[in-house]
């Protein structure tokens, strides 16, 4: 667990990622691996036989979700994995981890406005929210907004990756809509938006974990 006391803004969180890469040669892929494995560990503690769903975005937050899925698979747990968008739209390190899942013959369901109603959200006892991360600045729209609404309507235990999707990491403002997490697994240090504004109402229990970066 991290012992960092300071609060990070969206900008400082990004700068720490850049420092890890440029100063210590710790790649985004390594950071993503460490993030996802920590999320999987927290999910494993909480699942207790519950059916798990992981909802991933197309960016790095979604990449953390793909890694978490793989680590759960190694523990004998087979989560259902949903992608907000198309597999072809995922890029960079998130794409690498998505491709690993596909090579493991793991099904990843592409979600759009057209098939959203087919998701049987009530069957899941635990949901991992890996849709949107600390880089979010504009209002949540489209399939992301619909997925957040759907997940919030469930009775599942919700774990958010780094920050609840839709929460501004700096101001604590809700950007249109926001995931109502029971637990948030955040990296390196708490984000300022978690403790001010609407943050405390949406983060649930906050767990701070290290990413193996000597900062």
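A short reminder: the numbers here are calculations on the coordinates, not readings from a lab. Computed from a predicted structure; not experimentally measured. Here the Cβ is made from the backbone with ideal geometry for all residues, glycine too, and neighbour counts use every protein chain on show.
Comparing Cα centroids, segment 105-133 and segment 146-215 end up 18 angstrom apart. The ranking of 168, 64, 162, 22 from fewest to most other beta carbons within 10 Å of each one's beta carbon is 22, 168, 162, 64.
Packing here is the average count of other Cβ atoms within 10 Å per residue, and on that basis the peptides 180-188, 119-127, highest first, run 180-188, 119-127. Taking only alpha carbon atoms, segment 115-198 gives an Rg to Rh ratio of 0.96, where Rh is the Kirkwood radius. Antiparallel beta bridges, as assigned by DSSP with both residues in segment 10-209, represent about 5 percent of the total such bridges. A quarter of the convex hull surface defined by the alpha-carbon atoms of the chain gives 10.8 nm² as the mean projection.
Could you work out the Kirkwood radius for segment 44-115, taking every pair of different alpha carbons, averaging 1/r and inverting it, reported in Å?
About 12.3 Å, per the Kirkwood formula over Cα pairs.
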